[in-house]
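First comes the structure, then the notes that go with it.
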Amino acid sequence: MRLLRFLLVLGFVAGLGTPAVAADPVAVVRARLETVPGLRIESGQLINGKPFFVLWFRQPVDQHHPDGKQFEQRITLWHKGFDRPTVLHTTGYAGIDGVFTAEPTRLVDGNQVNVEERFFGRSTPATKDWTKLDIWQAATDHHRIVQAFKALYGGKWASTGASKGGMTSVYHRRFYPADVDATVAYVAPQDTVNEQDSYVDFIQHAGTDAQCNEALRTGQRNALYRRATLLPILVRQGLKYDHTFGSADRAFEAAVLDTPFKFWQYRTQANCLLIPGRAATDQQLFDFIGQIADWSSYSDAGTAPYLAYYYQATAQLNWPDVAMGTTWLKGLLHYREAGAAPAAVPDGIEPKHDDAAMADIDRWVKTSATRMLFVYGENDPWSAEKFEPGPGTRDSHWFTVPAGNHNAAIAGLPTALRAEATRILRGWLVSGR
């Protein structure tokens, strides 16, 4: 009897003397994934001891006509366990190559399904019918994915994303509120009325040093005064790096207009010392704008991956008008909408603006939203217009990272607030509250 127990502990198969082979975790998950209709497995591998898959899910180009033309939407799955919570993550843009875990995924030790947005990256129909790119179509993509994967992952679900990904997560909840148990939206703007921007005014008061914002305004004026000498530098740099511009002059103006916005979006008050003064050379001023706004992002190649965003912003999402109220630039601007979303949409594509879309989202959050957790950065310009609670909002929470920018996260909150936000999230997904 003692010998038998010894053999069993060593993993021998009784009567054969052959060591038992542990099941391959990738193969186990793959076998389950193969049962999901419409799902194609591109690859699967073990990363940090857990199965990671690149997948493609078949979607209707028009969700109103599910039997019509189809396209494949790219998904990645990092599997922790069929009994673990699952986090649906999106950037709202192209997907993320390689392994990535969002903060909520880490906090609940869950599975993660990462979805590439329709019309972005490789999740693009063969023929682009731009009228099929709207928030309901994208929300229905997510709905079909959640319903398909719930057959395997039956535990609690949350959706999450940052910036446009956070917006996308909220839109999904508005149209399919029961798909997930909770949503964590990071630095997600809600520009309800496009003509009533608060962004430029917000930037003028960001941080605690008024001289910093005056230095940024001076830098803008300085650059536009020197347009005749700075523009040739941009053209030469474009030639050097093979960057073309539909209009170098318009690209130059857009970058200058965006500089204060992008400064507070991704920098902190500590970077105020880097702002060039009036005595700066042309090259110093040009380099500073490049470091903050990134000249290449205004090139043809830089804007092309975001065409779908500019279309969405023009049609439904709305956009920040960085020229609105810039009285200190009076007489220096050549283009009314150099930095606006419609200026980036090529001729031939004419989005029809839908005034009602964001008003509907705003109304839903204020009257019906439940189990939503929002995180904003105090100095992030995108927080100038954010999602706000209303009389019908239930079990939802707003947190602001002090002096935070567009990278704000739960981890950046003060200790007590970080613990509270973590407790709320885990209560929704782990303890089954």
TODO: Kindly work out what percent of the DSSP beta bridges joining two residues of region 73-156 are antiparallel, to the nearest 5.
DONE: 50
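Top to bottom by accessible area (1.4 Å), largest first, where do Glu195, Glu103, Glu72 land?
Values: Glu195 125, Glu103 25, Glu72 65 Å².
Greatest to least solvent exposure: Glu195, Glu72, Glu103.
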Open item on the list: Keeping every protein chain present and rolling a 1.4 Å probe, give me the accessible area per residue for the chain in Å².
Closed with: 45
Open item on the list: As an exercise, use a Förster radius of 60 Å and the Cβ-Cβ distance of Leu152 and Leu274 to find the FRET efficiency, rounded to the nearest 0.05.
Closed with: 0.75
Open item on the list: For the full complex of protein chains and a 1.4 angstrom probe, list Lys150, Lys240 by accessible area with the highest value first.
Closed with: Lys240, Lys150
TODO: Taking the chain as the reference, fit the longest principal axis to its C-alpha atoms, fit the long axis of helix 135-149 to the helix C-alpha atoms, and give the angle between the two in degrees, 0 to 90, nearest 10.
DONE: 20
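In deg cm²/dmol, rounded to 500, what helix-only [θ] at 222 nm does the chain give when every DSSP H run of at least 4 residues adds -39500 (n - 2.57) and the total is split over its residues?
Working: 14 runs with 155 residues, N = 433.
After summing the helix terms and dividing by residue count, I get -11000 deg cm²/dmol.
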Open item on the list: I'd like the carbon and sulfur percentage of the solvent accessible area for the chain, probe radius 1.4 Å, heavy atoms only, ligands and nucleic acids excluded.
Closed with: 54
Task: Solvent-accessible area of Tyr309 with every protein chain in place, 1.4 Å probe, in Å² to the nearest 10 - done: 40
- [ ] Round to the nearest 0.05 the FRET efficiency obtained for Glu42 and His64 when R0 = 25 Å and r is the Cβ-Cβ distance.
- [x] 0.30
Open item on the list: Heavy atoms of the protein only, probe of 1.4 Å, neighbouring chains included. What is the accessible area of Thr367 in Å², nearest 10?
Closed with: 80
Task: Mean Cα-pair separation over length for the chain, i.e. relative contact order, pairs under 8 Å, 6 or more apart, % - done: 15
Open item on the list: Can you work out the Karplus-derived ³J(HN,Hα) for every residue in region 25-36? Use 6.51 cos²θ - 1.76 cosθ + 1.60 with θ = phi - 60°, whole Hz, and x for glycine or proline.
Closed with: x, 5, 5, 5, 5, 4, 4, 6, 5, 5, 8, 7
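In terms of solvent-accessible area of protein heavy atoms at a 1.4 angstrom probe, what is the ranking of Arg174, Arg426, Arg418, highest value first?
Numbers: Arg174 60, Arg426 105, Arg418 85 Å².
Sorted descending by solvent-accessible area, the residues read Arg426, Arg418, Arg174.
The values are calculated or read from the model by the stated rules, or taken from the named source; none is laboratory data. Worth saying up front: this structure is predicted, and the values here are computed from it rather than measured. Note that we place each Cβ from the backbone using ideal geometry, even for glycine, and neighbour counts take in every protein chain shown. Calculation scope for accessible area: heavy atoms of the full protein, side chains included, ligands and nucleic acids excluded. Shrake-Rupley method; radii C 1.70, N 1.55, O 1.52, S 1.80 Å.
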